[in-house]
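J.: The structure that follows is given in the form of C-alpha cells.
A short reminder: the numbers here are calculations on the coordinates, not readings from a lab. Everything quoted here is computed from the prediction, not taken from an experiment. Positions of Cβ are generated from backbone atoms using ideal geometry, with glycine treated the same way; all protein chains shown enter the neighbour counts.
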Amino acid sequence: MARDNQIDTDPLIRMEGINKRFPGVLANDSVDFSVQEGEIHALVGENGAGKTTLMKVLYGIYSKDEGQIYFDDKPLEIKDPKAANELGIGMVHQHFMLVPPLSVADNITLGREIAKYGVLDREEAKERILELSSDIGFEIDPEARVEDLSVGVRQRIEILKVLFREAEVLILDEPTAVLTPQEVESLYEILNNLQEQGKTIIFITHKLNEVMDLADRVTVMREGKDVGTKEVQETSKNELANMMVGREVLLRVEKEEAEKGEELIRAENLTLKNDEGANIVDDISFSIREGEVFGIAGVQGNGQTELIEALTGINEFSSGTVEVQNSDLTNADGQVIREEGIGHIPEDRLDRGMITDFTVTENFVLGYHTFERYSSRIFMKLRDMDEHAKKAVEEFDIKTPSTKTLAESLSGGNQQKLIVARELSQQPKLLIAAQPTRGIDVGAIEFVHERLMKERARGKGLLLVSSELDEIISLSDRIAVIYEGEFIGMFDANETSKEELGVYMTGSERQDKEEVRRKALDKVSPRE
C-alpha cells in the first residue's frame, strides 16, 4: 500500500489562510492545507465544500484573495497554470482536456512540441511518450487517435500529458468518476508507481473507499473550511463521512426484502439507430415488477443514455414495444408518459432536469404544470404550487432560503434533491432514475438512497441506471450489464460482485443472448 512508504515530514507545499471569493460566495474560508513530498494525499468534502476551488488556486487557474502559498518553505505567487507547470505542478481535470480527432502523441505534446532546427521531431516525442508510459506501467500507441480509445486510456493520456511537462506534483480531480473497477485498479497501480518514483499526488474524490485504499493522509473540507487532516491508518470511512457532513451518516443502504407484485413495464426488442443507421440500442428486452429495482450497469457511452431518453419520450425507438400495465407507450411523448405514472430523474440535472433561472417552486412543477393539482386549464394555481413546493423543501431537507430562490443558487446536492422531490411527490408507479447520485456528496447520496428504498418498499418499481457499481449492487434486485447497446449479462444482485460486473462491462465476457433475454423478462413468478 502507498502508506507503507517513508514520507518526509516536512511539507513540500503549504497553503495558509487561503480565502477565495466569488459573487455572494466565500468558496475558501481561511483554509490551511499542506502536502508532504512523496505522499498520496486525498482531499474530500461535500459538493460546494471548496475542494476543487482550493486546487485551482494552487494550480493558478484562480487567484487567491488572501493567504499565502509556500513551496519548499518559500513564499510564492502562482499567477497562472504556466507558473504552476514551471514549479512542477500539473493538474488532471475531471473533464478531460483532450482533442479527440488528434493522436495520442499530438495531444500529449500540444503546446510542448519537440523540435530540431525548427522542425517538429515526432519520433523523439513518441520515444519519450513510450518511455514515460513504460515507467508508470502501461502500454500506449502514440499514433492511436484519442477518439478511438476507452475512457480509462484517455485518463492515462491526461496523466502522461502532465508527466511530459515534467510535473513532480500531480493534482487529480475525481479521477475515477467514469472508470470500470478494472480501470480503477489500473489507475491505483499507476499512482503507486508514480509515488515510488518520488512524485507527490493530490486527488480530489467523494469515494471514501478510494481514500482508504490509496491515500496516506486525507484532508476534509466542509462549507469552505478545512475541518481536519487525518492519517488514513488512524481513521475510518464513518469518521470521514461524519466530518464531511457534520453529523452521523449511514453509509450502508438498508434494503429489506420486498414482495414482488404485478408487472409494471414490459419492454421487448427495443432498437434505436443513430443518424448513420447503426444500432446504439440493440434488441433490448426487460420487465420490472412492483417492489423491484432493475439496475443497468455499464460504462458511460454504451447506449444507456439513449435507452432512457427513448423510454421517457425524448427520443424514439426504431423498433420494439413498451407496455406499462397493458397500455402501449411505445414512443409516447413525455407528457403522456408522466400522466401514466412514470417519473424520471435524468442523468444530467442541469441539461434535462431543471431550468436554473426558474425558481424552486417553478422547477418543482416542471413537467407537471398541466396536472389538475397545479392548473385549472386557464390559470396556474400559484398558491397551490408554492404550498406543495414548501412541503417538499421541508420533507426532502432542501437547503434554500426560499421557494422563490432561483435554482441556480442551490448546491448540486440540493438541486438533485429538488428533482428527486419533484418526481417522488407525484407518487409514480414506476421511477426511471439515471445516475441519481452523480456528482453529489455523501450526505445527499445517503438521503437519495433512503428515499428510493422507501419507494421500493411501498411497491413502486424502479429502473436504475448508474455507473457506480456499489450503488447498483446495493440498491438493485436484478442487474443487467449493457455493452455496445446490448444486454450481455443478467445477474441477481445478491449473487454477484463489482469485479464480476466489471469484467462484463468491458465486453470481455458475455452470457447466452436468449438466457439474458429470459432473465431480463423475469419469467419467474412473484415471490410468495
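J.: Would you mind checking the range 257-276 for residues with the amide N under 14 Å from a putative spin-label position 7 Å along Cα→C-beta of residue 325?
T.: Backbone N within reach: 261-266.
J.: Once every DSSP H run of n ≥ 4 in the chain is given -39500 (n - 2.57) and the sum is divided by its residues, what mean residue ellipticity at 222 nm do you get, rounded to the nearest 500 deg cm²/dmol?
T.: -9000 deg cm²/dmol
J.: Moving on. How would you classify the range 342-427 from its alpha-carbon gyration tensor, with a ≥ b ≥ c the square roots of the eigenvalues: rounded for a/c under 1.5, else prolate if a/b is greater than b/c, otherwise oblate?
T.: Prolate, since a/c reaches 1.5 and a/b exceeds b/c.
J.: Using the Cα centre as the reference, give the magnitude of the dipole from point charges on the C-beta atoms of the chain (Lys, Arg: +1; Asp, Glu: -1; all else neutral), rounded to the nearest 20 debye.
T.: 1660
J.: Taking a virtual spin label 7 Å from the Cα of residue 112 along the C-beta vector, which residues in the range 154-177 bring their backbone nitrogen under 16 Å of it?
T.: The answer is 155-172.
J.: Turning to a different aspect of this structure: May I ask which residue of 392, 19, 163 lies farthest towards the positive end of the charge dipole of the chain, with charges of +1 (Lys, Arg) and -1 (Asp, Glu) on Cβ and the Cα centre as origin?
T.: Comparing the listed Cα positions along the dipole, 392 ranks first.
J.: How far apart, in nanometres, would the label points at residue 369 and residue 229 be if each is projected 7 angstrom from Cα along the Cα-to-Cβ direction?
T.: Taking the simple label geometry, residue 369 and residue 229 are separated by 5.0 nm.
J.: Can you bin the range 12-121 into rounded, prolate or oblate? Criterion: square roots of the alpha carbon gyration tensor eigenvalues sorted a ≥ b ≥ c, rounded for a/c under 1.5, prolate for a/b above b/c, oblate for the rest.
T.: prolate
J.: For residue 197 and residue 506 in the same chain, what is the full-extension length gain: residue separation times 0.36 nm, less their Cα-Cα distance, in nm?
T.: Using 0.36 nm per residue and subtracting the Cα-Cα distance, I get 108.2 nm.
J.: For the chain, what's the relative contact order in percent, using C-alpha pairs closer than 8 Å and at least 6 residues apart?
T.: 15
J.: Run through the DSSP bridge list for the chain and note the antiparallel percent, rounded to the nearest 5.
T.: So the antiparallel bridges in the chain amount to around 55 percent.
J.: Can you give me the Cα centroid spacing of the range 222-278 and the range 408-485 in angstrom?
T.: About 8 Å separates the Cα centre of the range 222-278 from the one of the range 408-485.
J.: Among 387-394, 372-379, what's the highest-first ranking by average C-beta atoms within 10 angstrom per residue?
T.: 387-394, 372-379
J.: Would you work out the relative contact order for the range 342-427, in percent, from Cα pairs under 8 angstrom that are 6 or more residues apart?
T.: 40
J.: In whole angstrom, note down how far apart the Cα centers of the range 284-335 and the range 86-150 are.
T.: After rounding, the separation between the Cα centres reads 40 Å.
J.: Any idea what the relative contact order of the range 96-165 is, in percent, if you count C-alpha pairs under 8 Å spaced at least 6 apart?
T.: 47
J.: Let me ask you something else. Determine, for each peptide in 21-30, 485-494, the mean count of other beta carbons within 10 angstrom over its residues, then list the peptides with the highest first.
T.: 485-494, 21-30
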